[in-house]
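Structure first, commentary second.
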Amino acid sequence: MRRRSVLLAVPALMLTAAGCGSDDKKSDSASSSSPSASATPSATPKPSIVSGPVPDITAGTAFGEKPTVAKGTVTPSKDLAVKTVIQGDGPVIAAGDYIEVNYLGQIWDTAKVFDTSWGRGPYTNVIGQGKVIPGWDQGLVGQKVKSRVELAIPPSLGYGTSGNAQAGIKGTDTLVFVVDVLNRYNIKSSANGKAVPQTDANLPKVGTNTDGAAPSVAVPKAKAPTKLVSSYVLEGDGAAVKATDTLLLQYKGVLWDGGKEFDSTYKNGQLAAFPLAQLIKGWQQGLAGKKVGSRVMLVTPPDLAYGSQAQGGIPANSTLVFTLDILAIL
């Protein structure tokens, strides 16, 4: 079962056969002035990156603190200006990675803050693939996790000549962002929770490896449960999943009868970004309330999966077993 893109859900896990894009979605409380690419020009100039000028950070100078940034006092560069204010010691961000960040954005000339994730919660999106403004795509790829990066973004790499009227951004405005890179996720990412004992001999046993490889799933030679089973394999300490969330996941699905694998992000080579409300009922019910950073085992009876309808490599009336790593909420 192939995904059409990294931001489209696998049709087999959708309630309908149509994929559902979540290209520029973020948390429900996010503002429209976020660095979504929806308002960007269609043609992006080739990158020319300089080291400055960028305005001074006058307060909140430590990583993780909400910064206060001065107004620009000189003429900003027409090129993208990138300054690594704090050099992190985490992995390097590559195009196609999902990054989790806190950020503050303001206008160069006035220091008016038009958007910030501080006080709202971190923002997660894929980088280097046109899903955020070009200044982010070009300025954040190659940075390290746990870095603080300051960007001065000319209009051509921000919201273009149209600006963003709702946020008070004119088409001539240079934008200043301070971005704290909290984490990054890619196909090698795993849940990072604490292992929970798996003691029921009548339920599948799921591997607890955290090396990015697909965990093993051993299905017992026992009668399949008739009710949904949802249990932690690794219990994380992140936010609890809500029914309205879009999730970033690693997962593998196998049939209860015979244990044959029918779908896997590990084999597909792409993380999955799924709006939970548009997935099969077993996922909706089994993942709601579970914590980010966890690995969850689901046993989904036919009435909470595909019922009497065969679906690709899934026979009709199949009980399904899933291992799912909840990496982030988008």
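As a test of understanding, state the convex hull volume per residue of the stretch 185-326 from its alpha carbons, in Å³.
Hull volume over Cα atoms, normalised by residue count, gives 98 Å³.
At q = 0.09, 0.13, 0.15 Å⁻¹, work out log10 I(q)/I(0) for the chain with the Debye formula, treating every Cα as an identical point scatterer and leaving solvent out; two decimals please.
Listed by q, the Debye log ratios stand at -0.51, -0.92, -1.12.
Relative to the present Cα-Cα distance, how much length would full extension add between Lys188 and Lys227 at 0.36 nm per residue of separation? Display every interim value, and only then the final one.
Values: separation 39, 0.36 × 39 = 14.04 nm, distance 3.22 nm.
Full extension of this stretch gives 10.8 nm more.
Ordered by residue, what ³J(HN,Hα) values in Hz, to whole numbers, does the stretch 104-116 give under the Karplus form 6.51 cos²θ - 1.76 cosθ + 1.60, where θ = phi - 60° and Gly and Pro are x?
The phi angles translate into 9, x, 9, 8, 3, 6, 10, 6, 5, 6, 9, 6, 7 Hz.
Could you provide, to the nearest whole Å², the per residue accessible area of the chain with probe 1.4 Å? Can you show the working numbers first?
Values: 14140 Å² over 330 residues.
Normalised by residue count, the accessible surface of the chain is 43 Å².
Report the charge-dipole magnitude of the stretch 184-330 in Debye, nearest 20, computed about the Cα centre from +1 at each Lys and Arg Cβ and -1 at each Asp and Glu Cβ. Could the numbers behind the result be given before it?
Working: 15 positive and 10 negative charges, 17 e Å.
Result for the stretch 184-330 is approximately 80 debye, rounded to the nearest 20.
Can you give me the P(r) profile for the stretch 70-187? Cα pairs, bins 5 angstrom wide beginning at 0, each as a whole percent.
2, 12, 22, 26, 20, 12, 5, 1, 0
Once phi is turned into ³J(HN,Hα) by the Karplus curve 6.51 cos²θ - 1.76 cosθ + 1.60 with θ = phi - 60°, what whole-Hz value does each residue of the stretch 50-55 show in order, with x for glycine and proline?
Listing the rounded values in order: 10, 8, x, x, 9, x Hz.
Can you pull the accessible area of Thr199 for me, 1.4 Å probe, Å² to the nearest 10?
130
The values are calculated or read from the model by the stated rules, or taken from the named source; none is laboratory data. Because the structure is a prediction, the values reported are computed rather than measured. Backbone-built Cβ (ideal geometry, glycine too); neighbour counts: all protein chains shown. Keep in mind that these areas ignore ligands, DNA and RNA; they rest on the heavy atoms of the full protein, side chains included. Shrake-Rupley method; radii C 1.70, N 1.55, O 1.52, S 1.80 Å.
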